[in-house]
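Colleague: Quick one: structure below, then a few questions.
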Amino acid sequence: MRWQNLMFVIITQLLTRYCIIQPVLNTTHDKFNLDFFNFSLLLLSSVLIAGAGNIINDYFDQNIDQINKPHKTIVGKIINRRWVLLWHMLFSLAGILLGFEVSLKTHIHWIAPMNILCVLLLFIYSISLKRRFLLGNILIALLSSWVIFIISFAELRSSHTSNILIDQKIFKISITYGGFAFIISLIREVIKDLEDIAGDRKFGCTTMPIIWGQNSTKVFVAVWLIVLIAAIIIINVYIISFGWWISPVYSLLFIILPLIWIFKKLMKASNNHDFHNLSSYVKWVMLSGILSMLFFITHIG
């Protein structure tokens with residue numbers, strides 16, 4: 001189930017609720033649309049659906065993984081393929097049912113169908129889109145953003161209050177972090193394709209490195225790294241105008257400079273080991289970006 005990835009989901013949704021949404025609501029003494037119990041159910045459903053997606057992905061990638069990462073192959077070696085399918089169905093069903101429970105209790109009716117859609121998209125990704133040019137990368141990047149959006153959109157106020165300032169603040173900050181999640185996830189997914197090119201090519205995949213080649217794919221990743229670095233710098237210049245210095249210094253040390261370092265390493269990378277390390281570095285920057293939400297506890301108001 002890749003518990004490290006699931007921890008990212010948990011941390012992201014907890015910080016979105018308590019470091020972004022709660023400070024915004026405190027400015028008007030408003031309450032959450034989702035009480036703690038329903039939020040917990042929604043978080044659990046997100047984790048179960050993400051875990052089910054990881055399981056079914058390993059199921060369909062069994063042959064490819066035996067080439068790309070034989071030491072990490074679980075399906076068929078440690079766990080029987082039938083049990084893998086069963087666990088996927090159980091986790092997916094549990095995530096969907098929890099989504100229906102939250103929808104019924106909170107009257108936020110789009111949560112249940114969106115959870116079903118996520119399950120379907122992760123299944124389609126595993127059987128088809130992952131092997132196609134850029135489509136699978138974009139889908140995973142969008143779903144990474146959705147981890148943030150499902151929590152923030154559930155707290156929009158416009159349906160039952162005239163105070164649209166709350167909506168505007170929650171929406172703007174969510175778009176900022178959702179955009180960060182999308183771009184850095186896209187970068188990491190393409191780097192992983194560079195790492196897995198041997199197995200992917202053998203089994204007829206048409207990922208970007210196979211179609212464009214290694215050098216052109218590296219240029220694609222480099223462009224998105226530049227876009228991300230530029231966007232973060234612009235946002236922090238804006239933040240400095242309010243006299244906030246701690247979060248820009250944090251961003252410089254733990255997000256911007258590491259991304260510049262990753263950019264330099266990318267230009268020199270040439271083998272699976274290099275790309276595997278780059279993927280790990282990007283994951284740490286992703287965590288640093290998520291943790292930067294902590295600064296909004298004092299900044300929002």
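Colleague: What number comes out for accessible area per residue over region 226-301 if the probe is 1.4 Å? Units Å², please. Please report the intermediate quantities before stating the final value.
Modeller: Numbers: 4290 Å² over 76 residues.
Dividing the accessible area of region 226-301 by its residue count gives 56 Å².
Colleague: Separate question: For a quick check, take a GNM of the chain with Cα springs below 10 Å and name the residue from Val84, Val102, Val237 with the largest mean-square fluctuation.
Modeller: Of the options given, Val237 has the highest mean-square fluctuation.
Colleague: Please list the non-local residues whose amide H lies under 5 Å from the amide H of Arg157, H modeled 1.01 Å from N, same-chain partners needing a gap of 5 or more.
Modeller: Asp167
Colleague: Under the rule of -39500 (n - 2.57) per DSSP H run of 4 or more residues, summed and divided by the residues of the chain, what mean residue ellipticity at 222 nm is obtained, to the nearest 500 deg cm²/dmol? Show your work: numbers first, answer last.
Modeller: Values: 15 runs with 224 residues, N = 301.
Roughly -24500 deg cm²/dmol at 222 nm, from the helical runs in the chain.
Colleague: Return one whole number: the accessible area per residue of region 86-213 in Å², for a 1.4 Å probe.
Modeller: Details: 5800 Å² over 128 residues.
Here the residues of region 86-213 average 45 Å² of exposed surface.
Colleague: Can you work out the Karplus-derived ³J(HN,Hα) for every residue in region 80-93? Use 6.51 cos²θ - 1.76 cosθ + 1.60 with θ = phi - 60°, whole Hz, and x for glycine or proline.
Modeller: 4, 4, 5, 5, 4, 4, 4, 4, 4, 5, 5, 5, 5, 4
Colleague: Can I ask one more? Provide the gained length on full extension for the span Trp245 to Leu97, in nm with one decimal, where the gain is 0.36 nm per separating residue minus the Cα-Cα distance.
Modeller: Working: separation 148, 0.36 × 148 = 53.28 nm, distance 4.42 nm.
Separation in residues times 0.36 nm, less the Cα-Cα distance, equals 48.9 nm.
Colleague: Among His29, His276, His107, which one shows the highest mean-square fluctuation when the chain is modelled as a Gaussian network with alpha-carbon springs under 10 Å?
Modeller: The residue that fluctuates most here is His29.
Colleague: In nanometres, what is the gap between the two model label sites at Val227 and Gln62, each 7 Å from Cα along Cα-to-Cβ?
Modeller: Distance between label points: 3.7 nm.
Colleague: Tabulate in residue order the Karplus-calculated ³J(HN,Hα) for region 229-238, using 6.51 cos²θ - 1.76 cosθ + 1.60 with θ = phi - 60°, rounded to whole Hz; enter x for Gly and Pro.
Modeller: Once θ is set to phi - 60°, the couplings for region 229-238 become 4, 4, 4, 5, 5, 4, 4, 6, 4, 5 Hz.
Colleague: Next question. Under the Karplus relation 6.51 cos²θ - 1.76 cosθ + 1.60, θ = phi - 60°, what is the ordered set of whole-Hz ³J(HN,Hα) values for region 2-18, x standing for Gly and Pro?
Modeller: 6, 4, 5, 5, 5, 5, 4, 4, 4, 4, 4, 6, 5, 5, 4, 6, 9
Colleague: Want the number for Trp110 to Trp212: 0.36 nm per residue separation, take away the alpha-carbon distance, what's left? Numbers along the way, then the final one.
Modeller: Details: separation 102, 0.36 × 102 = 36.72 nm, distance 3.87 nm.
Result for the pair: 32.8 nm of gain on full extension.
Colleague: Now for a separate question. Considering only protein heavy atoms and a 1.4 Å probe, what is the carbon-and-sulfur percentage of the accessible area of the chain? The partial results should precede the final answer.
Modeller: Working: 10410 of 14900 Å².
Taking all protein chains in place, the chain shows 70 percent carbon and sulfur surface.
Colleague: Which of Lys105/Lys192; Lys130/Lys265; Lys169/Lys192 have a Cα-Cα distance over 31 Å? Walk me through the intermediate numbers first.
Modeller: Details: Lys105/Lys192 40 Å; Lys130/Lys265 25 Å; Lys169/Lys192 34 Å.
With Cα atoms farther than 31 Å apart: Lys105/Lys192; Lys169/Lys192.
The values are calculated or read from the model by the stated rules, or taken from the named source; none is laboratory data. If you're wondering where the values come from, they're calculated on a predicted model, not measured in any experiment. When we count neighbours, we look across all protein chains shown, and the Cβ atoms used for this are built from the backbone with ideal geometry, even at glycine. Ligands, DNA and RNA are stripped out before the accessible areas are found, and what is left, the full protein with its side chains, is counted by its heavy atoms. Shrake-Rupley method; radii C 1.70, N 1.55, O 1.52, S 1.80 Å.
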